[in-house]
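Report on the structure given below.
What follows is calculated from the coordinates using simple rules that are stated; it is not laboratory data. Quantities reported herein were computed from a predicted structural model and do not represent experimental measurements. Cβ sites come from the backbone with ideal geometry, for glycine too, and all protein chains shown count toward neighbours.
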Amino acid sequence: MAIFHPVAEKDVTRAIVRSFLRQFEEYTESDVIIVGGGPSGLMAGRGLAQQGIKVLIVERNNYLGGGFWIGGYFMNKLTIRAPAQEVLDELGVPHEKAGEGLYVADAPHACSRLIASACDEGVKFLSLTILEDVILREDNRMAGIVVNWSPITHLPKEIAALDPVPLEAKIVIDATGHDASVVKKLEQRGLIKTKGEGALWIEGSEDAVVERTGEVYPGLIVTGMAVATVHGLPRMGPTFGAMLLSGKRAAENAIQIMQKEE
Ligand code: 48H
């Protein structure tokens, strides 16, 4: 007696393709597209979806979490400075006090809870998808992004000369971390100038990153480490509170802009 219900192989394929295409078609137009599925992008997506906003996260890797997943330094622990441990509490992530105002948690636990929370709120994802360009209309306002499957970037030019795919949104959030990839597309066209991130200084970095989170170009908000890259702020190294609070603030900013433009 078999354990599983009989299902044909073709029906497995059909189930995947139909479900993917239905969602892909629906999300060719989103309220907000977030480029980058690291801690700041996930927090921004979660905050927006909590308010019923249609939000898509585009991530070039085949996993979500960016530098939050393993902490990015070969040790599966992450630190958070007060008051950002409140986000860990909201997510139900256990943490230990490591000193006054300093908390330590298991990175895979924190990251998986954050991903799950974004999914629970209704965020949708396009993985293995890389930002190729932005859409700018006649008023030069950001109107969406242009993407391609990331493996294509590893193919030789003669095979990879494939046209990318445009996706529309009212607001785009650059959550691509140190690269600030979306902002760099505007910089290439002389529309904005990035300063490049500064040297490591935790005290000087985290408040500034949260405070400078916001719109840097009409329709484009910057969050997380990309804020440091754009505004020339110090980096904070292996501590993540600013990423969480910056993502939260990016969601609030996006909502304010959309309400103003309605
Ligand atoms: C699609 C892309 C593209 C692209 C990048 O690096 P992240 O974790 O970014 P943040 O800002 O949420 O968090 C930064 C944090 O992890 C960190 O590095 C810290 C705190 N550093 C401090 C220091 O001093 O070094 O995630 C960015 C995500 C990644 O998953 C990328 O794969 C993705 O964005 N991404 N996705 N198209 N062009 N570029």
Rank E158, E96, E197 by mean-square fluctuation in a GNM of the chain with C-alpha springs under 10 angstrom and give only the top-ranked residue. E158
Here, V7 and R22, labelled 7 Å along Cα→Cβ, have an inter-label distance in nm of 1.4 nm
The orientation-averaged projected area of the Cα convex hull of segment 161-262, in nm², is 7.5 nm²
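Taking every pair of Cα atoms in segment 32-191, average 1/r, invert it to obtain the Kirkwood radius, and report Rg/Rh to two decimals.
Here the Rg-to-Rh quotient is 1.02.
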Those chymotrypsin sites (Phe, Trp or Tyr not before Pro) from segment 9-114 that are DSSP loop and have at most 13 other Cβ neighbours within 10 Å turn out to be Y63, Y73, F74
Which one of I130, I202, I33 has the biggest mean-square fluctuation once the chain is modelled by GNM with Cα springs under 10 Å? I202
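Using DSSP loop states and a limit of at most 15 other Cβ atoms within 10 Å to flag trypsin sites (Lys or Arg not before Pro), what is the longest stretch of the chain containing no flagged site? Kindly include the intermediate steps, with their values, before the conclusion.
Details: sites that count: R137, R141, R189, K193, K195.
For trypsin sites (Lys or Arg not before Pro) (loop position, at most 15 other Cβ atoms within 10 Å), the longest site-free span of the chain is 1-136.
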Can you sort V216, V87 so the residue with the fewest Cβ neighbours within 10 Å comes first? V216, V87
Which lysines, if any, have their Cα less than 21 Å from the Cα of K124, not counting same-chain residues under 8 positions apart? K54, K170, K248
Treating each Cα of segment 1-71 as an identical point scatterer and ignoring solvent, apply the Debye formula and state log10 I(q)/I(0) at q = 0.15 Å⁻¹. -0.68
